[in-house]
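> Dumping the structure here so I can ask a few things about it.
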Amino acid sequence: MREAFHRGRYGKVTGLLDGYGGILLDIGCGRPCESMGDYSFIEYAGGGVGCDLRRCGRPPKGCLFAVSDVLALPFRDGCFDRIVALEVLEHVADAGCALESVSRALKPGGILVVSTPANNFLWKAVWSVWVRTVGRMWLDTHKTELGAAGWLRLFSGRFEVLEARTHWGIDLVVKMRKV
């Protein structure tokens with residue numbers, strides 16, 4: 001079920017990236033769940049550059065990897081055409097600072113797609129059970145917990161929000177353009 005959740009979200013995210021070419025950066029490219037491997041989104045999307053807080057396995061052929069914190073991306077200004085951060089920002093105490101770092105690495109007019117928990121009633125119920133049972137490793141890892149309106153305010157202060165949708169009623173998926 002978790003794999004279906006992630007792959008379904010990958011389909012939405014790649015759909016939001018359709019029509020935008022160029023270099024893709026996947027922030028937080030490590031394994032999204034126990035049954036999926038590192039670089040799952042990059043492989044689904046057909047290639048790119050990945051970064052994560054920890055060393056991941058060997059990157060797929062033609063892909064690059066850097067150990068990095070989203071707050072201090074080790075890439076030159078404006079070097080990516082497209083960036084995704086799937087289930088990353090909620091783990092950062094200063095999501096605004098993380099978005100500034102992402103914006104610096106994104107080309108003007110570049111596309112950013114973010115997914116994060118919507119923190120609605122359904123999400124809170126699912127998460128509460130999850131972290132007290134199977135997903136104990138995730139207990140107390142969320143540092144920023146905003147509802148959909150809060151996330152959209154945070155994003156629109158830095159990017160042009162082009163589209164926002166939910167995934168399975170619990171995840172917010174947002175497409176933005178750097179202006």
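The values are calculated or read from the model by the stated rules, or taken from the named source; none is laboratory data. Since we're looking at a predicted model, the values are computed, not measured. Cβ: placed from backbone, ideal geometry, glycine included. Neighbour counts: every protein chain shown.
> Please work out which residue is surrounded by the fewest Cβ atoms within 10 Å (Cβ to Cβ), limiting yourself to the range 119-145 and to residues that are assigned to a loop (DSSP other than H, G, I, E, B) and touching a residue at least 40 places away in the same chain (Cβ under 8 Å).
Result: THR141.
> Suppose we filter ARG153, ARG165, ARG158, ARG104 for residues that are in contact (Cβ under 8 Å) with a residue 24 or more places away in the chain and either more than 21 Å from ILE27 (Cα to Cα) or assigned to a helix (DSSP H, G or I) (or both); which single one remains?
The unique qualifying residue is ARG104.
> Being of a type in the set (Ser, Thr, Tyr), surrounded by 14 or more Cβ atoms within 10 Å (Cβ to Cβ) and within 18 Å of ILE83 (Cβ to Cβ) is the requirement here; does THR116 meet it?
yes
> Testing GLY19 on (1) of a type in the set (Gly, Ala, Ser); (2) over 20 Å from MET137 (Cβ atoms); (3) in contact with a Leu (Cβ under 7 Å, 6 or more places away or on another chain), one condition comes back false. Which one is that?
Only one criterion in (1) of a type in the set (Gly, Ala, Ser); (2) over 20 Å from MET137 (Cβ atoms); (3) in contact with a Leu (Cβ under 7 Å, 6 or more places away or on another chain) is unmet by GLY19, namely (3).
> Given the options ARG76, ARG153, ARG165, ARG54, name the one that is of a type outside the set (Asp, Glu), at pLDDT below 95 and surrounded by fewer than 16 Cβ atoms within 10 Å (Cβ to Cβ).
ARG54
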